[in-house]
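The values are calculated or read from the model by the stated rules, or taken from the named source; none is laboratory data. Computed from a predicted model, the values in this text were never measured in an experiment. Cβ sites come from the backbone with ideal geometry, for glycine too, and all protein chains shown count toward neighbours.
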Amino acid sequence: MPITKVLILFVGFIFPFQDVPSEQTTSTRVTLEIRLAEYERSVGLIETNSVGPQQKIYLHKEALVTNKDVIEASVVRFQAAKEISEAMRSLGVKDVRDVGDTYEIKVGFTKEAGDRMAKATENHMGKPLALLIDGKVISAPIVSGTIRDRASLIGGGGLGFTKDEAQRIANALNMK
């Protein structure tokens, strides 16, 4: 995903989000889910804990992508984090975490998962897409383009993971 798309996905979020569950960093088990989400309550949706100071999202029941749909995962430095945090501060957000050394996880999907993601994101423009790690929503960027066979997983409300968090998640996703 080009860096410009990442910026478009995350600049719209100005609230601090939940961080990755910090259970044992030596854990080899990580559960990944990517789900469509909504801002409005509706029948059949699952209400989540607030992902911002006063923002709730409502998850679709079925995950688009889970661990079994990931064919590769790698850790890379998250270059856009500094620009995003500066933009958030310029908008008056006070509690923007330090993003000096942050990382993202690049994942590749199976063909079937890529097809599901493309169809779902094509029809979900302008709405949130929730990223859950170990059952917790860690970010919910707005869909601004069709996602196909690759995506960047960015935690911390769009400000990236620590290196240890990213490596733990990527290692677990690569285990088969």
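With a cut-off of at least 1 residues that are more than 23 Å from I71 (Cβ to Cβ) and in contact (Cβ under 8 Å) with a residue 40 or more places away in the chain, name the strands (runs of 3 or more DSSP E) lying wholly within the range 101-176.
Ranges flagged: 136-139.
So S42 ticks every box in (1) at pLDDT 80 or above; (2) outside any loop (DSSP other than H, G, I, E, B); (3) among the small types (G, A, S) but one. Which box is left unticked?
Checking S42 against (1) at pLDDT 80 or above; (2) outside any loop (DSSP other than H, G, I, E, B); (3) among the small types (G, A, S), the one that fails is (2).
Test I154 against the criterion of being among the β-branched types (V, I, T), at pLDDT 85 or above and closer than 13 Å to L32 by Cα, and give yes or no.
On the way: among the β-branched types (V, I, T): yes; at pLDDT 85 or above: no; closer than 13 Å to L32 by Cα: yes.
In short, no.
Considering the range 62-71 alone, what residues qualify as being touching a helix residue (DSSP H, G or I) at 6+ places or on another chain (Cβ under 7 Å) and of a type in the set (D, E, K, R)? Steps first, please.
Pass one, the range 62-71, residues touching a helix residue (DSSP H, G or I) at 6+ places or on another chain (Cβ under 7 Å): 64-65, 67, 69-70.
Passing the criteria: only D69.
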